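Heads up, the thing below is written out as structure tokens.
The values are calculated or read from the model by the stated rules, or taken from the named source; none is laboratory data. Just so it is clear, the structure is predicted and the values come from calculations on it, not from any experiment. Using ideal geometry, Cβ is built from the backbone for each residue, glycine included, and neighbour counts are taken over all protein chains shown. In case anyone asks, the SASA skips ligands and DNA or RNA and just uses the protein heavy atoms, side chains included. Shrake-Rupley method; radii C 1.70, N 1.55, O 1.52, S 1.80 Å.
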Amino acid sequence: LTQDFSISFRTDGLSKVFLGLIAFLWPLATVYAFEYIQHEGMEDKFFSFYTITYGITIGVASSANLITLYLFYELLTFATIPLIMHAMSKRAINASKKYCRFSHNFSLVTGAYAANNSSSLAIRSGSQPGNVIPPKLFKM
């Protein structure tokens, strides 16, 4: 996007742990989802959004900075709304509205923090664009 605000990906120790968890647990959840969604119908629609959610979750886990994390968090919200309201019942639609409000309120707070602090963190720490959170913060 710009020198200070870029979309970038990186895998460090913690992201590898989360990527490993995603790689292990997602197929197990998929096996369960086949059984769960069988009685609901519209399996193609469900698994399309389910697969999109998988890709976006990998993007969240491998985000190199707060801007990328925020973007993928927002994408995750939009991709999971159809999964929540899949049944299209009144209860499912109300649950998706509540989820949307909660998720967007949280993302507004974190997005405001990222917009106000990510470039100053990069400048103060002397890190390169894309490495917004200085690695020395995570060393013990």
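Neighbours of Ile58, meaning other residues whose beta-carbon lies under 14 angstrom from its beta-carbon, give a summed charge of +2 when Lys and Arg score +1 and Asp and Glu score -1. Cα-based radius of gyration for the stretch 1-100, normalised by 2.2 N^0.38 Å, reads 1.23.
At a probe radius of 1.4 angstrom, the accessible area of the stretch 1-56 per residue rounds to 72 square angstrom. The alpha-carbon of Lys97 sits under 17 angstrom from the alpha-carbons of these aspartates and glutamates, leaving out residues fewer than 8 places away in its chain: Glu74. The modelled label-to-label distance for the pair Lys97/Phe24, using points 7 Å beyond Cα in the direction of Cβ, is 4.0 nm. Is the C-alpha gyration tensor of the stretch 25-69 telling us rounded, prolate or oblate? Criteria: a/c under 1.5 is rounded; beyond that, a/b larger than b/c is prolate, otherwise oblate. It is prolate, given that a/c is not under 1.5 and a/b is the larger ratio. For Phe9, the residues 5 or more places off, or on other chains, whose built amide H falls under 5 Å of its own are Ala64. Each label was represented as a point 7 Å from its Cα along the Cα-to-Cβ direction; for Val17 and Val109 these points are 2.4 nm apart. As a fraction of the 1.4 Å probe accessible area of the stretch 1-109, surface on carbon and sulfur atoms comes out at 71 percent.
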